[in-house]
1. Could you grab me the full set of residues in segment A:32-44 that are loosely packed, with under 14 Cβ neighbours inside 10 Å and more than 16 Å from residue A:115 (Cβ to Cβ)?
2. Residue A:38 passes all but one of (1) under 11 Å from the mean Cα position of the chain (by Cα); (2) hydroxyl-bearing (Ser, Thr, Tyr); (3) assigned to a strand (DSSP E or B); which number fails?
3. Can you tell me which residue is surrounded by the most Cβ atoms within 10 Å (Cβ to Cβ) among those in segment A:47-58 that are under 17 Å from residue A:113 (Cβ atoms) and not aromatic (Phe, Trp, Tyr)?
4. Here are A:74, A:125, A:83: which of them is within 11 Å of chain B (Cβ to nearest Cβ), in contact with a Pro (Cβ under 6 Å, 6 or more places away or on another chain), of a type outside the set (A, V, I, L, M) and in a loop (DSSP other than H, G, I, E, B)?
5. Any residue in segment A:50-61 that is closer than 28 Å to residue B:122 by Cβ, without any contact (Cβ under 8 Å) to a residue 40 or more places away in the chain and over 12 Å from the mean Cα position of the chain (by Cα)?
6. What strands (runs of 3 or more DSSP E), lying completely within segment B:221-289, carry at least 1 residues that are at the interface with chain A (Cβ under 8 Å from one of its Cβ atoms) and either at pLDDT 90 or above or crowded, with 16+ Cβ neighbours inside 10 Å (or both)?
Amino acid sequence: MKKYAGVLIAALSLLGGAVPAMAHHSFAAEYDANKPVTITGTVTKVEWMNPHARFYVDVKTPDGKVTNWNFELGAIPVLLKQGWRKTSLKEGDQVTVEGSRAKDGSFSANARRVSLPDGRKVFAGSSAPNADQ
Amino acid sequence: MTAALFGLDPIGESKVKKWIFSASVAGVLSLAVIALAAPQNGSNAATPPARGRGRGGAPRRGPGGPVPLLSDGHPDFSGIWNGQQTIAGNDVTSTGPGSSPTTGVPPMLPWAAKVQADRAKNQFADDFEARCLPGGPPRIPPYHISLFSTPKLVLMLFEGNTHMYRQFFVDGSDHPKNLKPTFYGDSRAHWEGDQLVVDTIGFNDISWIDGQGHPHSKQMHLVEKFRRPDFGNLQIEVDIDDPGTYQGHWHMNRVTTIETGMEMTEYVCNENNQDPGHLDHANNDGKHP
């Protein structure tokens, strides 16, 4: 029932206002929408900060190496509208993140969707073209 | 598509559609109820309004009801307002030979056309807003704005991109002479019926008119007409004249909706701005390594 209440609230919110998921920077200059990544790993740090919230994920590769990915979320005003809270992600959480990789080849990406430990998938306030909101 | 509106996957799309229908029937419930009932994580997704051209769609409507009035009888614009939305299909028009029927942008002088083309070529990586500098009007500010109306002064407070403000003086005063150019210029306002007409000059030439990198000069003259037709809606007509940059007049219609049950958040842009490092890469060559 709790889940359905959430959907009802989300649906009702369509009747009201919203704030654009615009970023303070050009998406295309920084990320490549044609380079999707799906990463599963352990959250090592969450930065509930401006201009974007961020979280970091340790990913083990088959050869045993660990890579720490840096994921950019939307701006906090946008995330709050999408139901995110500062405590939505915590260090140690196992997550799967879908996003667009940074063009500079670093282990960073713009997150579009995050699968939380309890199975819910939440949108990430992405400013990517045609991103789910 | 419908499911894409929600931050929930455990529930199937058909159920989501049913809930949307139910929600539509139950549309009399207030936004305040929504805000009070908001879940603590992960499921309150709202569709964003379009930003400028390209995200199109009919503008959303805020709740109706009587317009609050100031002590002098003029409309009170006070409240927190969502991001501005240009009206799809009728959002931007311009006049002058060579005006673009597809973008609504008036013809640019050669220097401006080159600047805008260069900015587009590097995918707008050199946007000052990405370095936490103000966008400056008429660029639509990101996130919420708060308007605070008094009979003699209207304040516009920005949630992003910097916690800046604009002051609309409604006291009959004129623009000061010898203005020092600034991001936000100098705004003097007067009433025409229920419409607040805000006249702004004194801009610097640093900010962009929009996210597409259209430049402006210090000659830019901006006139914005604010009208609150009912409780939940604000209409803003924007008129731009800048003979130092454009050969024609630029007109935009924008709308925004009231937001209730919330407060503006702190948004200190430079708190953890990691973007410039990535953007500088695009500035260098714009290619993948």
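1. Listed by number, the list holds a single entry, A:34.
2. Here residue A:38 meets the rest and fails (1).
3. A:52
4. Matching residue, one of A:74, A:125, A:83: A:83.
5. Yes, there is a match, as at least one residue in segment A:50-61 is closer than 28 Å to residue B:122 by Cβ, without any contact (Cβ under 8 Å) to a residue 40 or more places away in the chain and over 12 Å from the mean Cα position of the chain (by Cα).
6. Per the criteria, B:250-259.
The values are calculated or read from the model by the stated rules, or taken from the named source; none is laboratory data. The structure presented is a predicted model; accordingly, all values stated were derived computationally and were not measured. When we count neighbours, we look across all protein chains shown, and the Cβ atoms used for this are built from the backbone with ideal geometry, even at glycine.
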